Structure formats: C-alpha cells, structure tokens
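Structure first, commentary second.
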Amino acid sequence: MIRNMNSYPLYDDGEHKVLWLGIEEAEDEKGILTNQYLVIDGSEAALIEPGGFFVFSRVLKNVSAHINPTQIKYLLYSHQDPDVIAGLNLWFEYAPLAKIGISELWVRFLPHLAVMSAGRTIGIPDKGMEFQVGNSKIRAVPAHYLHSPGNFGFYDEKSGILFSSDIGAATFPEGEWYLFVEDFEEHEKYMEGFHRRYMSSTKALRAWVRHVRKLNPTMIAPQHGAIFQDENVGKFLDWLENLEVGIDVFEKEFYED
Ligand code: FE
C-alpha cells in the first residue's frame, strides 16, 4: 500500500473528530515508523504521541490542516522513548497553550530535553486520570511495564478508540505498510518479536487485556504499525492473552544454546 502523507479520519460525528496523522515515504530511514493521532472536540484538541524530531514538520502540517496548533490543550505521551517525545521542545513552542501529560515517573527526566516545564507538565498518577477536551474526556489507562514502567494508553470515550502506546506495535519489512489490519494471522508475524522482547511481563500484559476487555474499545490504535478494528480488536486481545513475553521468556532466549 502506498504510504499516506496526509491525515486519515478514524472518527467524525461533526463535533468530535479523531485523525491519524500520516506517514511519509522516507520515514523508515529515520527510525522506526510511528503513528500520531489528533482528537478534536469543538474548539479544543489533544495530540496523542506527538513524536520525534524528524516527523515534526509532517505532523504540524497535518494538525494545522484541521486546527490552529494554539487549540491543542494537551500533548499526551504514553512514555519516555525518543520516538514518542523527542519533538517535545518544538511542540512546546508551536502549541504554546498546551500542557504535557506523561507518567509522573518521567516528569523529573524531562528537563534533560532542555525543557523547563514552567508549570506546563502534568504528571499522570499510576492509576491514571482524565483529560477534558471540549465536551469529551480522554482517560489515561495504565499500561505499566508494557513496556515502560510508567506507561499509559489513552482512551477517547466518545469515539471508543484506545491509543495503546507500544502495545500492538508492528514493525513492517521495507516496502510493506498498511493502516488497518486486514488479515490478523498475517499481521501477527510483524508484532510477535517486538512484543516478546520489548514487553516486560506476561502478568502485566494479561492484566492489561482484562482491563481493556471491560473498556470494549471500537479500535485499538498503537504508536507503531497498524490499527485494529471490528473483529480484529478481539483477535488481537486473544492473541496477547496467549503470548509469553519479557522476563518470562528471557532466560531461555539469552542463556540457553
Ligand atoms: Fe517505546
């Protein structure tokens, strides 16, 4: 599939919109491919997983096609990895009214990005919290140890979309890419290695799956790879529930011949 440089609507009821913010052809030469998402409700917006330095101009262009960046109320970060956070300094400038939401574990690490918070950082407590955007709520859903020890997904209540951070991440081989998972069994092979090595704990993963089943999301939209919708949401959760990861498999993989 040809990579889509422009944004793509995931939900739109006139008042509330959710957009995927594009990917450029050459981005995999500049690190792992990443997804960014914009939630707009009335005159306010939240940018989810704003991303690193090289994607900034593409994300800014696609955001600006829909809103003025001064309407961004929150920049929401699932965790502290460079592909999630490295553009923070730029967003700080271009979205001057936005507050940053990130796990409280990472708040004291942010000044090392040369960001002086100036009261703009909200440390999300371990149990999560809600962010009000227009007339809608985005809930920070705990996903600790998956993979970061201070890790959140973001659940947009109006659309029912769960932005799942690195859970559900897929790494495509060169030349391969699609926005929505169509053949789940084919897609598994792009996810398995990533999950086994980057996710820390099978126990944490199964606890997350139990919680997400209660949320019953309409879509699961990860920060890398493709989006799950319709029957693939359930297929993905079933697959995760039966996967062993991290500290539960490392001994066999690292130390046995
Ligand atoms: Fe990560």
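Using the structure shown, list the pairs from 137/203; 99/189; 61/235; 137/189 with a Cα-Cα distance above 31 Å, or answer none. The answer is 99/189; 61/235; 137/189.
Within region 2-43, the proportion of Cα pairs with more than 13 Å between them is 56 percent. When the Cα atoms of the chain are aligned to their principal axes, the ranges along those axes come out at 54, 39, 38 Å in descending order. Report the residue, chosen from 92, 109, 180, that carries the largest GNM mean-square fluctuation when the chain is represented by alpha-carbon nodes joined by springs under 10 Å. Looking only at 92, 109, 180, the biggest GNM fluctuation is shown by 109.
Working note: Karplus 6.51/-1.76/1.60 with θ = phi - 60° gives region 112-124 the couplings 6, 8, 6, 10, 9, 4, 6, x, 9, 9, 10, x, 7 Hz, where Gly and Pro are set to x. Taking Cα atoms only, the orientation of helix 231-241 departs from the longest principal axis of the chain by about 60 degrees. In the chain, the DSSP-assigned H stretches of four residues or longer account for a calculated mean residue ellipticity at 222 nm of -7500 deg cm²/dmol, using -39500 (n - 2.57) per stretch and the full residue count as denominator.
A 1.4 Å probe, protein heavy atoms only, puts the accessible area of residue 199 near 0 Å². Among 239, 20, 208, the residue with the largest mean-square fluctuation in a Gaussian network model of the chain, with springs joining Cα atoms closer than 10 Å, is 239. Within the listed set 74, 37, 94, the Gaussian network model of the chain (springs between alpha-carbon atoms below 10 Å) gives the highest mean-square fluctuation for 94.
The values are calculated or read from the model by the stated rules, or taken from the named source; none is laboratory data. Small disclaimer: the values here were computed from a predicted structure and weren't measured. The accessibility values were calculated without ligands, DNA or RNA, using every heavy atom of the protein model including side chains. Shrake-Rupley method; radii C 1.70, N 1.55, O 1.52, S 1.80 Å.
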